[in-house]
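Take a look at the structure below.
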Amino acid sequence: MATDEVPGVSAYVVDETLSANVTVDGHGLVTGWNAGAERLLGYSPTQIVGQPAAGLLVEEINEPVLRSLTQLPRWNGRIALRHRDGHRLEAKVLAHRRALADGQREWFLVSALRGLRPPPDDSTLMSWDHEQVAGCHMAVYDTGLRMRLANKATHRDVALTDDDVRGLRASEIVDHPSMDRMERSMLRALETGEPQTLEIFGSTPSEGHEHAWSVVLTPLKDEGGHVQGVGVAMHDMTEQHWARKRLMLLAEASRRIGSTLDVTRTAQELADVAVPEFADFVSVDLLPSLDGTYEPLPETGTPPGPVPLLRVAHRSVNPGTPEGVVAPGQVDSYPEGSPPVESLRSGRALLHEASDPAITEWTTRDRGRAARVRDFGMHSVMTVPLTARGTTLGVVVFIRHQHPEVFREDDLLLAEELAARAAVCIDNARRYTRQRATAVALQRSLLPQALPTQAAVDVASRYLPAGARAGVGGDWFDIIPLSGARVALVVGDVVGHGIHASATMGRLRTAVLTLADIDLPPDELLTHLDDVVARLSTEEKDAPQPDPGAETTGDVGATCLYAVYDPVSRHCTIALAGHPAPVLVTPDGTATLLDLPIGPPLGLGGLPFESTDIELPEGSLLALYSDGLIESRKRDIDVSMSLLCQALAQPSSSLDNLCAAVLVALLPDRPSDDVALLLARTKALDSDWVATWEIPADPAAVAQARKGAIAQLEVWGLDDACFVTELVVSELVTNAIRYGAPPIRLRLIHDRNLICEVSDASGTAPHMRRARTFDEGGRGLLLVAQLTATWGTRQTAEGKTIWAEQALPVSP
């Protein structure tokens, strides 16, 4: 070791000639030869390097002895050597067997040379050591870093006697990189005259497992204060070291395990924490159920027989995890008596070595596992059940094969602690997954299962639930056929997430369907819906407090867009309650955000809503959406709106493809909020399929109205509908003349159904009743209801309209 490796060291140097160092490769050729070896045997490095080491021996070593030596990590003894000049000499040799980076082996041989430097009196050095160094394992080195004396504990650790190690350096006695660090610290102690401390790690020849040592290096001074050597005191801190390591591993587990509410991710985090610090291979298997979720079992155990387990995660120190017999996502059957099943049955962690009967019997029946045990040299196994809140979720298997030490009881306690923490996180994720699946199922059951048949618009829709953290929300959409071939388009959003938001959404959707059925204008419908939300909020406030841990509800709030499109007039009436305005794409491809008055969110009460009427060219596209589509933490709302308009303006072969393109453009990742998207391309009903008559307020005009209606049906080729239409026109026009107010208008619409409408200026709506035997009237509306598919009344700005629809035969 050169002195320039230690800044400031000049007075003390390491004399390489005081010990002979030789390296021999696996083929028996000399690969290293220091000055001490040259001094011992007379050969220079150029003369001996590359030559067979056997040529230096007086007697040849027989083959059985050589084979036995290759199995030893270290050998020491006396060897008869031949000097270059031919004379025989005996040397005490310590030989270390090294593993090289390329997987090859070599021997490192050292021998102390006696009498080359007169040492200080050994008894004096030892007395200084006892006076100035307090420690458990002690040794004394001279200023050339050559060992002079050591206590019994030191000899016991290195498994060598005082005579074996006298005159050798620490790096020659124990062939480990940590000894080089200790020698550098020894030089600093000699130069500075100050004690040095350090920690080193390594195994001792007497024991195979790793030790942690706290080392104190004390310069030994004579009466005049001159440094004559260095005392080494080493304290075995292995237990404290591993205790700190275990605490650090538990702290790391607390930080990393359970970062998400995802069962698979949590199981993988457990495996990642344990490898490679604690085990060489870890697998996490959970009990599967028929519905694909993770179904726990009571702590009382599993039923008799083989147990199927789903591999959720595993991790290995080797790339690609070649130790795994089962791939993640696969189910494997574990036989009765196997350690994983025994852990599940007993609810206890089990510790085994590879030679235990429980392991050998299991692997005997499983050739794949037997091959893994043999090929990788697996020597120690722990199986730990995953148990949380009184249920067993699965089992974790910890295996060592590269780590030299077998698992011990304290390792088993640590594994149980890791598994217990992970089990709680997995159970939380499992419960959340089940609750979220329930909320999603509820949400989807409350949304339209199929879009209704209507001829006013072509539609396509998408609904995306929020990501795992947010939970399912309360977004919804609807397409509601109305009288007069019109259609209502609805998109709404309930505040909050979870089952409560989904249930509230279902109640509001039902309310909208009911209000739409009585044909309220959009602004009036939102006013009534606002009352519904306010009433629901009041009910929530007055409800008893939920049980601890139950989902809290809070105030009920929502936003809504309600639009009515009439394909006859091509007019669309839109009202907003705190909801984003729709985007309109005209037939020429221009996309614009409609500038509409946005009313307050539903539930505030007392504030008006406004309707806006716009005329749409045939083929216009309306995009209705919830705010989850455009709100993002990564970009500004204006940027989102620009992206939305650009995506909608792109040509597409179908509305369904356009929906997909919009989601790709705005939602590259899983949305943080629910998203509802509804696209509607408008149609226009040809004027040839609409006939209108102005009816005088004269009973004699009824007959003329019947004749005009029959003539129009003949033009349309609907002769089969003439009888019912004649009766309906007669009844509705007669009621308008008798009970209504002029102007009176009759309109026939030939859509997918035949629609007959009679409008007048009176707001009084008729009611169907059952006439008594001798009543002169009261039977007309009853006949209309019996002979048509449906009928009803809607209020208009001028009065009311009574309508009836007849189902027409489907064209072949």
With θ set to phi - 60°, apply the Karplus curve 6.51 cos²θ - 1.76 cosθ + 1.60 along region 758-763 and write out the HN-Hα couplings as whole Hz, x wherever there is a Gly or Pro.
10, 10, 8, 8, 8, x
Under the rule of at least 5 residues apart or a separate chain, name every residue whose amide H is placed under 5 Å from the amide H of E610.
L576, G599
Could the peptides 282-288, 396-402 be put in order, highest first, of the mean number of other beta-carbon atoms found within 10 Å of their residues?
282-288, 396-402
Using 0.36 nm per residue of separation minus the Cα-Cα distance, give me the extension gain between A765 and T17 in nm, one decimal.
257.2 nm
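Could you give the length gained by full extension between E694 and C136, i.e. 0.36 nm per residue of separation minus their alpha carbon distance, to one decimal place?
189.2 nm
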Relative contact order (percent) for region 3-112, with alpha-carbon contacts under 8 angstrom and 6 or more residues of separation?
25
Filtered hits (aspartates and glutamates, Cα-Cα < 17 Å from K221, offset >= 8 within chain) -> D121, D122, D129, E131, D142, E191, E194
I'd like the FRET efficiency for F723 and T586, computed as 1/(1 + (r/R0)^6) with the beta carbon distance as r and R0 of 51 Å, rounded to 0.05.
0.70
Helix-only [θ]222 nm of the chain, DSSP H runs n ≥ 4, -39500 (n - 2.57) each, per residue, nearest 500:
-10000 deg cm²/dmol
Which cross-chain or sequence-distant (5 or more) residues have an amide H under 5 Å from the amide H of A313, H modelled 1.01 Å from N in plane?
V284
Shape parameters for the chain, alpha-carbon atoms, Rg then Dmax in Å
45.5, 150
Convert each backbone phi in region 84-101 into a coupling constant with the Karplus relation 6.51 cos²θ - 1.76 cosθ + 1.60 (shift: θ = phi - 60°), then list the ³J(HN,Hα) values in order as whole Hz, x for Gly and Pro.
4, 7, x, 7, 8, 8, 10, 10, 8, 10, 10, 10, 9, 9, 9, 9, 8, 5
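Please list 73-84, 505-516 highest first by mean number of surrounding beta-carbon atoms within 10 Å per residue. Let's see the in-between values first.
Working: 73-84: 14.3, 505-516: 18.6.
Highest mean packing first, the order is 505-516, 73-84.
Work out the FRET efficiency for R348 and T438 from their Cβ-Cβ distance, taking R0 = 41 Å, and round it to the nearest 0.05.
It comes out at approximately 0.75.
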In terms of modelled amide H atoms, which long-range or inter-chain residues lie less than 5 Å from the amide H of H137?
M234
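By per-residue mean of other Cβ atoms within 10 Å, what is the highest-first order of 161-172, 734-745?
161-172, 734-745
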Two-site label geometry, T453 and L787: point separation in nm, points 7 Å out along Cα→Cβ:
2.4
Between L593 and R98, what length comes free when the chain is fully extended (0.36 nm per residue of separation minus the Cα-Cα distance, one decimal in nm)?
170.6 nm
Any helix of the chain counts here only if DSSP assigns it H throughout, its Cα atoms span 24 Å or more along the axis, and its mean Kyte-Doolittle hydropathy is at least -0.5, and such helices are 409-446, 499-517, 722-739
Using only alpha carbon pairs under 8 Å that are at least six residues apart, calculate the relative contact order of the chain and give it in whole percent.
6
What list of ³J(HN,Hα) values in whole Hz, one per residue of region 49-58 in order, does the Karplus curve 6.51 cos²θ - 1.76 cosθ + 1.60 (θ = phi - 60°) give from phi, with Gly and Pro shown as x?
5, x, 8, x, 5, 5, x, 8, 8, 6
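Rule-based calculations on the coordinates, nothing more; no lab input. Nothing here was measured: the structure is a model prediction, and the numbers come from that model. Every residue, glycine as well, gets a Cβ built from its backbone with ideal geometry; the counts of neighbours run over all protein chains shown.
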